Amino acid sequence: MAQTLDSLLAESRDRLKAAGLESAGLDARHLISGLLDLALAALLTRGREPISDEDAARIRAAVERRAAHEPVYRILGEREFFGLKLKLSKETLEPRPDTEILVDCLIPHARRIASSKGSCRIVDLGTGTGAICLALLAAVLDARGLGTDISEDALATALENARRNGLAERFGTVRSKWFEAVDGRFDIIVSNPPYIRSNVIPELEPEVRYHDPVAALDGGEDGLDAYRAIASHAGRHLETDGVIGLEIGFDQKRAVTALFEAQGFRLLSAAKDLGGNDRVLVFQQDIERSNNR
Ligand SMILES: C[S@@+](CC[C@H](N)C(=O)[O-])C[C@H]1O[C@@H](n2cnc3c(N)ncnc32)[C@H](O)[C@@H]1O
């Protein structure tokens, strides 16, 4: 008898459950809907439809990869972020829903600046798939963005994602270690840099440890290397009325705030993630301090 969508869904869920995955049912649905290009709702309404042997074989192969702890969206090769479909590659971090909060916090600033100046220049340090910068460009039509990264693979992926989402005319890339190869001033400096302490990396879940690139995770001995590098040069690259938006680790608010305050910035706002952890900091130049110097 031919396999139906329902029977393959049940088989996939059971295989992932047996592999010990708590999210077995959800993962099976996302994998199958992604591989067959069907909306999740269609899995419910079209459950009795037969599946070709070829599709069943593709699905079984994908389920085996997930059973070995490869993340669902790595297997599918793309992930949605802020409504944009983003391709993933070997050296790009899979963009996380928490990072959408950083985008949410910066959109009002980008709109304010674009409406007062007619444009808004954004630099996204460590752009990876381009997620943050591309989401800002999609939301603010007068904005232009530069994505930087140390990884050529990431920059090529970010450019491809800009093309796929119709944003290539307003997005460029440069290979750079933080600000090293970046010229000029920007209205918004944004970064979700690597911020995990080196000694914690071996303890991360296998989905992250083996499938996200280490350069996207490792923030050095205390997790703060990237923030130090960014804070020490940000003053030379920020317009007077501009802002710096950063994603941080759950326990880094005080330390990162101190690093930026020491370089003449003031914390303008902070936001928590869906789990209630500190996740986003937005800084501006501390005009009072610089006037008193
Ligand atoms: C946590 S990932 C963030 C990726 C993407 N911005 C996002 O939010 O999904 C950090 C990124 O910083 C890049 N990176 C690591 N060290 C860097 C450095 N010294 N200079 C520039 N980029 C760096 C990594 O290659 C990676 O793409």
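The values are calculated or read from the model by the stated rules, or taken from the named source; none is laboratory data. What you see is a predicted model; the values in this text were computed from it and never measured. Here Cβ is always computed from backbone atoms with ideal geometry, including for glycine, and neighbour counts include all displayed protein chains. Quick note on the areas: whole protein, heavy atoms, side chains included, nothing else; ligands and nucleic acids left out. Shrake-Rupley method; radii C 1.70, N 1.55, O 1.52, S 1.80 Å.
Relative to the longest principal axis of the Cα atoms of the chain, the long axis of helix 53-67 makes an angle of roughly 50 degrees.
Rolling a 1.4 Å probe over the protein heavy atoms of region 5-76, with every protein chain left in place, gives an accessible area that is 51 percent carbon and sulfur.
Approximating the spin labels as points 7 Å out from Cα along Cα→Cβ, the R254-to-T4 distance works out to 5.9 nm. Put +1 on the Cβ of each Lys and Arg and -1 on the Cβ of each Asp and Glu in region 38-129; which of S89, A61, I107 then has its Cα farthest toward the positive end of the dipole? Of S89, A61, I107, it is I107. With both labels modelled 7 Å from their Cα along Cα-to-Cβ, the A42 to K90 distance reads 3.3 nm. Rounded to the nearest 20, the Cβ-based charge dipole of the chain about its Cα centre (Lys and Arg +1, Asp and Glu -1) stands at 620 debye.
Surface exposure of region 47-119, expressed per residue as accessible area with a 1.4 Å probe, stands at 51 Å². Three principal axis extents describe the C-alpha atoms of the chain; from largest down they are 80, 42, 33 Å. Between the amide H of E78 and those of L88, distances stay under 5 Å, these residues lying 5 or more places away or on another chain, with hydrogens modeled in the peptide plane. Rounded to 0.05, the FRET efficiency of the N277 and A168 pair, given R0 = 30 Å and the Cβ-Cβ distance, is 0.30. Under 5 Å from the amide H of F265 lie the amide H atoms of D286, each residue being 5 or more positions distant or on a separate chain, with H modelled from the backbone and absent for Pro and chain starts. Using only Cα atoms, tell me the angle between helix 225-234 and the longest principal axis of the chain; keep it within 0 to 90° and round to the nearest 10. Once rounded, one gets 40 degrees.
Summing +1 for each Lys or Arg and -1 for each Asp or Glu among the other residues whose beta-carbon sits under 10 angstrom from that of K90 gives -1. At a probe radius of 1.4 angstrom, the accessible area of region 172-293 per residue rounds to 50 square angstrom.
Per-residue ellipticity at 222 nm, computed for the chain from helices alone with -39500 (n - 2.57) per DSSP H run of at least four residues, works out to -12500 deg cm²/dmol.
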